[in-house]
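The values are calculated or read from the model by the stated rules, or taken from the named source; none is laboratory data. From a predicted model like this one, the values you see are computed outputs, not experimental measurements. A quick note on method: Cβ atoms are made from the backbone with ideal geometry, for glycine too, and the neighbour counts reach across all protein chains shown.
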């Protein structure tokens with residue numbers, strides 16, 4: 001006797017988890033799948049089961065997401081469709097659709113049935129038996145199709161019996177336990193109960209810790225994944241679909257009713273479309289063939305995907321909004337896939353998307369924001385509206401104009417139309433501006449800088465941010481306590497020196513005390529009182545102890561608020577700070593640090609330097625710190641070509657003492673500490689285009705003396721003078737100054753009618769090529785060090801970049817190799833006329849390594 005062929009459809013899971021977003025599309029998608037089964041003549045009997053009541057937690061989730069009522073309407077529409085197709089619709093109070101299918105499968109198998117379960121719920125894999133097959137919707141090469149699971153298929157894929165999968169479903173609820181690990185655990189211990197009873201036998205400390213931490217979640221998931229097979233419900237085998245009836249159904253044109261308000265959304269802007277349906281999304285992604293061109297943007301908030309936009313042409317942009325079975329994880333995965341196979345892919349602010357956009361340096365992704373920054377580093381932002389105005393001649397509303405300061409998720413709820421426009425503009429502008437930006441980079445000679453330095457750096461910076469740097473909370477608190485004690489001591493000393501008690505943090509009160517009451521000369525009166533700015537007080541500090549105490553007090557109160565108290569707010573659950581490092585902030589090309597700023601720790605005071613003691617490596621690691629020695633002076637020697645300065649460096653001795661010897665015409669061994677200090681001030685001052693006034697202020701000497709020092713310096717190093725004058729002349733002619741690697745810094749101040757502005761422009765023209773080149777070199781070094789660590793398969797990683805310094809968290813067994821690698825890559829980051837000197841040290845804290 002032939003076995004009865006039966007297809008049982010899990011209506012609720014198909015409606016909730018299969019392919020729906022817009023109701024009409026969802027029902028059409030399910031209809032299409034069922035019609036394929038009818039056409040293939042795979043069964044004689046069809047039935048569809050629906051939940052009578054959802055599990056409460058799931059119900060509350062759907063309600064909170066605003067999906068529950070819509071889902072009920074969807075199910076009713078689907079039930080009507082099944083009725084019209086002659087398919088039995090079943091439900092049973094107190095039973096989920098998956099339980100009904102599991103019960104029916106068991107009974108139908110006993111009644112000589114060959115059963116196919118059609119569901120979007122993987123827990124029905126447990127119901128697979130010798131004559132029971134499960135078909136799960138999957139995305140194939142030709143779009144949506146089914147993947148079949150027989151008992152042999154489950155054994156092959158999981159290495160387990162179907163009934164053992166309950167344990168796998170429970171274990172994978174623990175974040176960090178993947179499917180393979182879960183299967184291995186179940187193979188060995190058979191049940192979750194046994195695993196928890198024999199935890200001490202599990203070798204991996206990480207797995208034990210993860211299972212212990214997630215025990216409640218694992219147990220709950222196991223309970224929710226268990227199938228019931230006791231539902232007393234039976235099929236009516238008299239309702240057989242004969243071939244003639246099947247053909248009649250196949251010939252019908254099903255157009256399910258659309259509920260009010262569920263019409264397909266019209267374009268919000270010309271060519272902008274909203275996508276909330278998985279079937280429609282997949283069809284769009286299938287358009288992204290190998291070598292295609294696209295613009296893409298992932299909107300990430302609170303580490304989760306709020307939306308994604310995709311632009312495929314000037315008239316075709318999509319905003320994908322996760323809901324129903326159009327999951328954020330699916331969109332992120334698809335976004336990553338199409339970026340990898342694209343010929344050209346453009347984004348804005350790539351680094352912010354890398355947590356979910358899983359691509360590497362090898363992908364053809366073009367960051368339009370970084371390109372815009374290179375072409376004009378003086379702008380405040382490089383958002384889509386800025387690029388549209390500058391390169392597309394388009395005036396479009398900014399994000400702030402569209403949605404204010406609201407998060408995108410909230411904006412979707414409050415003004416969906418404007419939110420969608422904002423999201424689509426991002427990928428649209430990236431797509432439209434890409435070729436124009438690339439052409440501009442090539443014309444400016446910065447395409448190599450973009451592709452070989454800035455774009456690879458994006459990935460290295462992301463990896464560094466993702467790694468973070470560990471902070472010892474206890475040490476941070478102890479440091480803060482010490483600061484507070486020292487601040488209190490300084491307060492009392494200040495009161496004693498000034499002879500009165502006042503608010504030290506009030507510029508007005510402080511000015512009155514110093515310049516009116518104490519009669520300290522040199523006070524500068526302003527409209528609001530005396531100026532107590534740092535540059536004013538620094539000149540007085542050597543003669544007035546109270547002023548020195550006040551400057552120290554300010555340093556310590558800043559340390560306390562910004563670091564001792566401030567850093568604690570940034571320490572994550574992993575006890576690490578994951579700061580943000582910016583590529584598009586500084587005009588010179590230097591990387592900047594925010595949230596928190598780890599590049600601006602005061603180091604003049606010993607107590608300031610000691611903040612580095614709270615930064616410590618993880619267990620089993622040490623810090624290795626390396627920084628360049630006088631990199632900007634070495635760049636100056638190379639770029640100027642001054643043979644005397646180059647020769648001074650090649651002597652490999654104290655450059656400041658050598659300069660003092662040559663400038664002041666004294667033998668090297670007779671150079672005094674004061675002469676060396678003055679030479680050092682001139683050496684570094686020249687790099688920044690220092691004036692005689694600035695040097696006189698810094699050294700507390702007359703302007704005439706300062707002018708003589710500078711003249712003697714240029715007499716000693718005439719090539720430097722020629723070089724700097726040439727930089728100013730060239731910047732006046734071209735409108736910008738350029739680094740050795742082609743980085744441009746516009747200098748509009750050189751054309752100003754204001755003397756002060758022009759003088760500032762001249763200093764910028766002299767300094768930018770030197771500082772920009774130094775910035776490029778440390779970026780190249782960072783890329784090479786990061787690449788070498790990964791290429792050599794080392795676990796050590798860069799955790800911090802501070803101007804000319806790199807800090808690596810190195811595993812102890814890798815420390816020697818890392819130290820050598822670090823020095824080697826940094827020394828050879830650029831080929832200069834003088835060597836790049838690097839000092840690398842190891843330690844158990846940043847302080848010790850520094």
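Please state which one of 103, 150, 119 is closer than 30 Å to residue 216 by Cβ and more than 41 Å from the chain's Cα centre (by Cα).
Sole residue among the options that is closer than 30 Å to residue 216 by Cβ and more than 41 Å from the chain's Cα centre (by Cα): 103.
Given the conditions (1) without any contact (Cβ under 8 Å) to a residue 60 or more places away in the chain; (2) buried (at least 19 other Cβ atoms within 10 Å of the Cβ), and given that residue 699 satisfies all but one, which numbered condition is not satisfied?
Result: residue 699 passes all but (2).
If the requirement is being within 28 Å of residue 698 (Cα to Cα), in contact with a strand residue (DSSP E or B) (Cβ under 8 Å, 6 or more places away or on another chain) and in a loop (DSSP other than H, G, I, E, B), which of these qualifies: 523, 511?
523
Condition check ((1) more than 29 Å from residue 737 (Cα to Cα); (2) in contact with a helix residue (DSSP H, G or I) (Cβ under 6 Å, 6 or more places away or on another chain); (3) in the same structural domain as residue 743 (by TED's automatic domain parsing)) across all residues:
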residue: 383; (1), (2), (3): no, no, no
residue: 388; (1), (2), (3): no, yes, no
residue: 404; (1), (2), (3): yes, no, no
residue: 415; (1), (2), (3): yes, no, no
residue: 459; (1), (2), (3): no, no, no
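Quick one: residue 232 ticks every box in (1) assigned to a loop (DSSP other than H, G, I, E, B); (2) more than 30 Å from residue 192 (Cα to Cα); (3) touching a helix residue (DSSP H, G or I) at 6+ places or on another chain (Cβ under 9 Å); (4) at pLDDT 65 or above bar one, so which box is it?
The single condition residue 232 does not satisfy is (2).
Tell me which helices (runs of 4 or more DSSP H) are completely within segment 378-458 and hold 2 or more residues being under 30 Å from residue 774 (Cβ atoms), or say none if there are none.
Counting at least 2 such residues, we get 384-391, 416-444.
Residue check, residue 689 against (1) assigned to a loop (DSSP other than H, G, I, E, B); (2) over 49 Å from the mean Cα position of the chain (by Cα), all met but one. Which one?
Condition (2) is where residue 689 drops out.
Filter segment 438-452 down to the residues that are surrounded by 13 or more Cβ atoms within 10 Å (Cβ to Cβ) and free of Cβ contacts under 8 Å to residues at least 60 places away in the same chain and list them by number.
447, 451, 452
Only one of (1) in contact (Cβ under 8 Å) with a residue 24 or more places away in the chain; (2) surrounded by 19 or more Cβ atoms within 10 Å (Cβ to Cβ) fails for residue 359. Which number is that?
With respect to (1) in contact (Cβ under 8 Å) with a residue 24 or more places away in the chain; (2) surrounded by 19 or more Cβ atoms within 10 Å (Cβ to Cβ), residue 359 is out only on (1).
For residue 316, which of the numbered conditions (1) modelled with pLDDT of 95 or more; (2) surrounded by fewer than 18 Cβ atoms within 10 Å (Cβ to Cβ) fails to hold?
Condition not satisfied by residue 316: (1).
Just to be sure, is residue 706 under 16 Å from residue 664 (Cα atoms), assigned by TED's automatic domain parsing to the domain that holds residue 637, surrounded by fewer than 20 Cβ atoms within 10 Å (Cβ to Cβ) and in contact with a helix residue (DSSP H, G or I) (Cβ under 7 Å, 6 or more places away or on another chain)?
No.
Consider residue 400 carefully, then state whether it is surrounded by fewer than 17 Cβ atoms within 10 Å (Cβ to Cβ) and touching a residue at least 40 places away in the same chain (Cβ under 8 Å).
For residue 400, the condition - surrounded by fewer than 17 Cβ atoms within 10 Å (Cβ to Cβ) and touching a residue at least 40 places away in the same chain (Cβ under 8 Å) - is not met.
Does residue 331 satisfy being assigned to a strand (DSSP E or B), within 20 Å of the chain's Cα centre (by Cα) and within 19 Å of residue 421 (Cα to Cα)? Explain how you work it out, then say what you get.
Values: assigned to a strand (DSSP E or B): no; within 20 Å of the chain's Cα centre (by Cα): yes; within 19 Å of residue 421 (Cα to Cα): yes.
So residue 331 fails the test.
Test residue 411 against the stated conditions and say whether it is surrounded by fewer than 21 Cβ atoms within 10 Å (Cβ to Cβ) and over 30 Å from residue 797 (Cα atoms).
Judged against the criteria, residue 411 is not a match.
Please note which helices (runs of 4 or more DSSP H) are completely contained in segment 543-656 and include at least 1 residues that are modelled with pLDDT under 95 and under 23 Å from residue 846 (Cβ atoms).
Per the criteria, 545-558, 606-609, 631-640.
For segment 507-534, how many residues meet the condition of being in contact with a helix residue (DSSP H, G or I) (Cβ under 9 Å, 6 or more places away or on another chain) and without any contact (Cβ under 8 Å) to a residue 40 or more places away in the chain?
Final tally of qualifying residues: 18.
Output the residue which, of all residues in segment 802-814 that are modelled with pLDDT of 95 or more and crowded, with 16+ Cβ neighbours inside 10 Å, is nearest to residue 449 (Cα to Cα).
806
Please list, ordered by residue number, the strands (runs of 3 or more DSSP E) wholly in segment 718-837 having 3 or more residues that are over 24 Å from residue 467 (Cβ atoms).
Per the criteria, 736-738, 744-746.
Between 371, 345, which is under 15 Å from residue 288 (Cα atoms) and either in a helix (DSSP H, G or I) or touching a helix residue (DSSP H, G or I) at 6+ places or on another chain (Cβ under 6 Å) (or both)?
Residue meeting the stated conditions: 345.
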